[in-house]
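Have a look at the structure below, then the notes.
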């Protein structure tokens, strides 16, 4: 079994694979400050709840966009799971060629998503990740990571609404029954969700137009991706476990 870890700005997502099968997954909040002992014990306990014990875990891999958590996370895994995790970063084997102007700037999560989309669905492919930020990445038919677009995610936009305006409340992000909203909450939901759908369709169409590539598939992932994917024909496939699958694939390329 292998433990895969995706450290995002909001949550840290874990998955346990046996071969190609994702057995289970769980998450903890990223922004809570924890020691390596606290992190390690939390992971160990969450594994044991699912009847997995440290001696059954053969390896681990981490992708992270939050550098200040890494020391505690790595040492927690080493101490309590007793494996030395692979870290997604410069020099790691991915099978993807990063052809942007500064490859070292590319987030580990985007690289992992690109690997999964390319290997599972082929290229050319656009990967849309609806996370804290909404990202759009283009991978060519021969595995070249050639372009990246970054926009505020739905939650960032929502947070700006209720934190920077005096009378707008904090709301649940969901698609309202109609865009013809008649009160505050549904009007905010309409703006957030339908605005994200419109942005998604425009950016995907613009990438297809300027890249001049034929038969581009569009794969979406991320927590709020299901809401958008259900409402647009611009997205071909929604895979909620794309990042975890990508970590598994990268681990297999780098295991000793």
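Full extension of the segment from residue 48 to residue 93, taken as 0.36 nm per residue of separation minus the current Cα-Cα distance, would add 13.1 nm.
At a Förster distance of 30 Å, what's the computed FRET efficiency of residue 172 paired with residue 120, Cβ-Cβ distance as r, to 0.05? Calculated value: 0.45.
Put the Cα centre of segment 148-199 next to the Cα centre of segment 30-71 and the gap is 33 Å. So, in nm, how far is label residue 1 from label residue 78 when the simple model puts each one 7 Å beyond its Cα toward the Cβ? With each label point 7 Å from Cα toward Cβ, the separation is 2.3 nm.
Rounded to the nearest 10 degrees, the angle from helix 154-164 to the longest Cα principal axis of the chain is 70 degrees. Percent antiparallel among DSSP beta bridges with both residues in segment 97-247, to the nearest 5? Around 60 percent antiparallel, to the nearest 5. Only helices enter this figure: runs of n ≥ 4 DSSP H residues, each worth -39500 (n - 2.57), summed and divided by the residues of the chain, yield -12000 deg cm²/dmol at 222 nm to the nearest 500. A full extension of the chain between residue 164 and residue 29 corresponds to an added length of 46.2 nm, given 0.36 nm per residue minus the alpha carbon distance. In this simple spin-label model, placing a label point 7 Å from the Cα along the Cα-to-Cβ direction at both residue 237 and residue 180 gives a separation of 3.9 nm. Each peptide in 150-160, 222-232, 3-13, 92-102 receives the mean, over its residues, of other Cβ atoms within 10 Å, and ordering these scores from highest gives 3-13, 222-232, 150-160, 92-102.
Segment 219-242 and segment 97-119 have Cα centres separated by 19 Å.
Taken together, the values in this text are just the output of simple stated rules run on the coordinates, not laboratory data. What you are looking at is a predicted structure, and each value in this text was computed from that prediction instead of being measured. No Cβ is skipped: glycine too gets one built from the backbone with ideal geometry, and neighbour counts run over all protein chains shown.
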